[in-house]
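The values are calculated or read from the model by the stated rules, or taken from the named source; none is laboratory data. All of these numbers come straight from a predicted model, not from anything done at the bench. Heads up, the Cβs are rebuilt from the backbone with ideal geometry, glycines too, and the neighbour counts pull from every protein chain shown. Accessible surface is based on the protein model in full, side chains and every heavy atom, while ligands, DNA and RNA are left aside. Shrake-Rupley method; radii C 1.70, N 1.55, O 1.52, S 1.80 Å.
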Amino acid sequence: MKFQSVPRHVAIIMDGNGRWANKRNLPRIAGHRAGVENIRTLVSSAAEIGIECLTVFAFSSENWRRPPLEVRLLMDLFIMALEQEAERLHANKVRLRIIGNRTEFPAKLQEAIAAAETLTRSNGGLTLVIAANYGGHWDLTQAARTLAEQVRAGNLRVDEISSELVQQHLSASDLPPPDLFIRSGGEQRISNFLLWQLAYTEFYFTDCLWPDFDRLEFERALTSYAQRQRRFGMTGEQVAHGVETVAPPQG
Ligand code: IPE
Ligand code: IPE
Ligand code: MG
């Protein structure tokens, strides 16, 4: 399938693993396993379609509130997936990055993250960003702290704090903001995902549960995206008549 416009960066909330498992009378973790499997399919579809960057929400800063057993099994699954998939991702030239507060993870997981990032660091293919123990509030808070430290040290004046500078201190600030946001599982909310970065992103919600979100579902989302007119505050006519810069304005 050919698309008129392909998003450079797609961000996904992979929701619905638990309900997928419940429907099959399986434990929730079976849904998470199927969900991880599905990321593999998605990564190869995204690379084929020409998407440059894929960010997936794997564990939110609020997911610690789940039953301790589910949290522990999720950590184990994450370690296993990183160890098993790193080589394959590397062979496919994927650059892997993890965003979120990794310092709260078990040491073994932190090591697996560091190893996978180092292995794939220089790859020039798709960038796969995994948001793990990530929260938009955390992201903005850590940026605010870094800037405050710079002011306190005398290296930055308060009036030098611009939206560009805040942006530069957020996670994965070197990547373009997401063009398309997808949430599976039927809920229509952001759940503390990339709050700042989604300012001008196009949203797509589907009832499809994450383990069922296949290539066809992905293409539906991309078709919807391709039909939209992104205006960034301008009029439809301005955009249609080809204003040179259609980048979001910087405040
Ligand atoms: C998303 O699936 C995966 C994680 C949050 C780790 P859920 O586990 O939230 O699935 P549902 O929403 O209960 O179906
Ligand atoms: C969001 O899903 C986080 C991930 C997919 C990792 P949740 O299932 O945790 O979201 P809420 O709590 O229902 O909003
Ligand atoms: Mg959920």
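The table below gives the values:
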read-out: Taking N as its residue count, the alpha carbon Rg of segment 147-239 over 2.2 N^0.38 Å; value: 1.45
read-out: For the chain, with +1 on Lys and Arg beta carbons and -1 on Asp and Glu, the positive-most of Y225, P7, T41 along the dipole; value: T41
read-out: Within the chain, helix-based [θ] at 222 nm, where runs of 4 or more DSSP H residues each add -39,500 (n - 2.57), nearest 500; value: -13500 deg cm²/dmol
read-out: Diffusion coefficient, µm² s⁻¹, Stokes-Einstein with Kirkwood Rh over alpha-carbon pairs of the chain at 10 °C and 1.306 mPa s; value: 82 µm²/s
read-out: Counted charge near V166, where neighbours are those whose Cβ lies closer than 13 Å (Asp, Glu -1; Lys, Arg +1); value: -2
read-out: Cβ-based net charge around F59, under 14 Å, with every Lys or Arg adding one and every Asp or Glu removing one; value: 0
read-out: Separation between Cα centres of segment 57-82 and segment 163-228, rounded to whole Å; value: 21 Å
read-out: Segment 70-194, dipole about Cα centre (Lys/Arg Cβ +1, Asp/Glu Cβ -1), debye to the nearest 20; value: 80 debye
read-out: Cβ-defined net charge surrounding S191, 11 Å radius [Lys, Arg +1; Asp, Glu -1]; value: -1
read-out: Surface accessible to a 1.4 Å probe, per residue, for the residues of segment 145-198, Å²; value: 54 Å²
read-out: About the Cα centre, charge dipole magnitude for segment 143-187 (Lys/Arg +1, Asp/Glu -1 at Cβ), debye; value: 180 debye
